[in-house]
Amino acid sequence: MSNLLRPDFISYSENESFLMTASELADYLGVGKNRAYELLNSGEIKGFRIGSIWKVTKTAVDQYIYEKSGL
């Protein structure tokens, strides 16, 4: 069984989107946009593109934080 966080483990408020852009990712992590794009392009944070716009789930970001924090 995978130890990845599943979306049903995390609850989001009605006002909170499940998907975020690279710019929103940068704000969420407190890093610059260039670093956010590096994380997405390298696959460190799993995301996908719709045209030229990156989209990433909050679950993927939370999983990245969980793994990097060593918990």
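Determine the equivalent ellipsoid of the stretch 17-68 by diagonalising the alpha-carbon gyration tensor, then write out the semi-axes as square roots of 5 times the eigenvalues, largest first, rounded to whole Å.
14, 12, 11
Output ³J(HN,Hα) for the stretch 29-39: one whole-Hz value per residue in order, computed from phi by the Karplus curve 6.51 cos²θ - 1.76 cosθ + 1.60 with θ = phi - 60°, and x for Gly and Pro.
8, x, 10, x, 4, 4, 5, 4, 5, 4, 4
By per-residue mean of other Cβ atoms within 10 Å, what is the highest-first order of 30-37, 57-64?
Per-residue Cβ counts within 10 Å, averaged per peptide and sorted highest first, yield 57-64, 30-37.
With a point put 7 Å past each Cα toward its Cβ, work out how far residue 66 is from residue 23 in nm, to one decimal.
With each label point 7 Å from Cα toward Cβ, the separation is 2.9 nm.
Values quoted throughout were computed directly from the atomic coordinates according to the rules given, and no laboratory measurement underlies them. No experiment lies behind these values; they were computed from the predicted model shown. Reconstructed Cβ throughout: ideal geometry from the backbone, glycine too, with neighbour counts over all protein chains shown.
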